[in-house]
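One structure is given here, and the rest of the page talks about it.
The values are calculated or read from the model by the stated rules, or taken from the named source; none is laboratory data. Bear in mind the structure is a predicted one, so any value in this text is a computation, not a measurement. Backbone-built Cβ (ideal geometry, glycine too); neighbour counts: all protein chains shown.
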């Protein structure tokens with residue numbers, strides 16, 4: 001295990017953690033405030049990537065595509081909430097799961113009809129192209145550093161919004177006790193709509209940022225949705241701080257596990273055995289972490305007040 005490879009994988013894990021946080025932040029607020037299981041959150045990440053590719057094709061500018069995709073993701077989230085999801089709030093969780101799974105199938109087929117089934121790509125913006133030398137013989141792409149920096153700025157802004165604004169206060173109160181703030185005269189449906197639209201925009205932003213480095217294709221949101229649910233379970237439902245810390249943990253552990261698990265097992269096992277079970281253990285690492293956290297802290301590491 002070389003120092004250079006370890007450093008690269010740490011940065012890759014941090015980048016994955018930042019992207020997971022952007023998706024999980026909206027998901028944990030929707031689940032925490034609304035007690036609503038939204039499996040369709042992953043397709044909002046996918047649509048953000050597709051919107052970015054489409055807008056990039058029209059404008060030729062990554063930053064113009066970003067500026068257009070964010071309001072488009074917000075608008076799509078609001079339309080989806082008004083037309084479909086608000087009619088499910090009073091239903092039980094099984095019906096919510098089935099309905100939002102149906103939305104996943106519908107939208108995955110929808111993007112195939114509009115953009116085709118073939119993977120699409122969007123170039124890295126020229127301003128953020130190139131690489132930075134970390135040490136002799138080791139360079140790391142500037143754009144990946146930009147993803148990390150953008151995610152940290154969003155996390156800081158979200159922290160200020162949730163903890164130092166009136167709307168943020170209502171969101172935190174809703175995550176702790178939604179029936180109580182409704183009884184105090186707060187328009188809970190309006191609050192739900194704001195939370196859902198904001199969460200959709202964050203997922204869309206993650207889709208925009210990942211479009212230049214990953215293939216944009218139908219179903220790309222499914223895997224990240226699973227990881228996002230792991231993040232909010234570990235971090236604590238309704239907690240932005242928990243989502244941030246858990247996302248970084250999951251991103252780093254998943255990346256390092258897939259890169260080095262086999263090599264670490266070779267210290268204790270025969271090479272053939274290590275190669276056989278290493279990849280399986282690496283893919284299980286974050287779920288083992290989740291099981292350990294739930295055994296020690298059933299509500300997660302940093303649950304919203306009232307959920308501990």
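Just one of 49, 40 is in contact with a strand residue (DSSP E or B) (Cβ under 6 Å, 6 or more places away or on another chain) and closer than 17 Å to residue 22 by Cβ; which is it?
Working: 40 fails: in contact with a strand residue (DSSP E or B) (Cβ under 6 Å, 6 or more places away or on another chain).
Just a single option satisfies the conditions, and that option is 49.
Out of curiosity, is residue 236 at positive phi, crowded, with 22+ Cβ neighbours inside 10 Å and either out of contact with any strand residue (DSSP E or B) (no Cβ under 8 Å at 6 or more places or on another chain) or at pLDDT 90 or above (or both)?
yes
Taking residue 113 as meeting all but one of (1) closer than 21 Å to residue 51 by Cβ; (2) free of Cβ contacts under 8 Å to residues at least 24 places away in the same chain; (3) surrounded by 12 or more Cβ atoms within 10 Å (Cβ to Cβ), write down the number of the exception.
(3)
I'd like to check something: does region 193-201 contain any residue that is over 15 Å from the mean Cα position of the chain (by Cα), within 28 Å of residue 63 (Cα to Cα) and not in a helix (DSSP H, G or I)?
So far as region 193-201 goes, no, none of its residues is over 15 Å from the mean Cα position of the chain (by Cα), within 28 Å of residue 63 (Cα to Cα) and not in a helix (DSSP H, G or I).
What are the residues in region 53-64 that are in a helix (DSSP H, G or I) and either within 20 Å of the chain's Cα centre (by Cα) or loosely packed, with under 13 Cβ neighbours inside 10 Å (or both), if any? Steps first, answer last, please.
Step one: filter region 53-64 for residues in a helix (DSSP H, G or I), giving 53-59, 62-64.
Residues satisfying the conditions are 53, 57, 58, 63.
Looking only at region 83-96, how many residues end up being loosely packed, with under 14 Cβ neighbours inside 10 Å and either assigned to a helix (DSSP H, G or I) or touching a residue at least 60 places away in the same chain (Cβ under 8 Å) (or both)?
Quick first cut of region 83-96, residues loosely packed, with under 14 Cβ neighbours inside 10 Å only: 83, 87, 90-95.
Within this subset, residues satisfying the condition of being either assigned to a helix (DSSP H, G or I) or touching a residue at least 60 places away in the same chain (Cβ under 8 Å) (or both) are 83, 87, 93-95.
Qualifying residue count, region 83-96: 5.
Considering 30, 8, which residue is assigned to a helix (DSSP H, G or I), in contact with a strand residue (DSSP E or B) (Cβ under 8 Å, 6 or more places away or on another chain) and at pLDDT below 85?
Details: 30 fails: in contact with a strand residue (DSSP E or B) (Cβ under 8 Å, 6 or more places away or on another chain).
Result of the check over 30, 8: 8.
Taking region 116-149 on its own, how many of its residues are in contact (Cβ under 8 Å) with a residue 40 or more places away in the chain, touching a strand residue (DSSP E or B) at 6+ places or on another chain (Cβ under 6 Å) and loosely packed, with under 12 Cβ neighbours inside 10 Å?
Residues meeting the conditions: 0.
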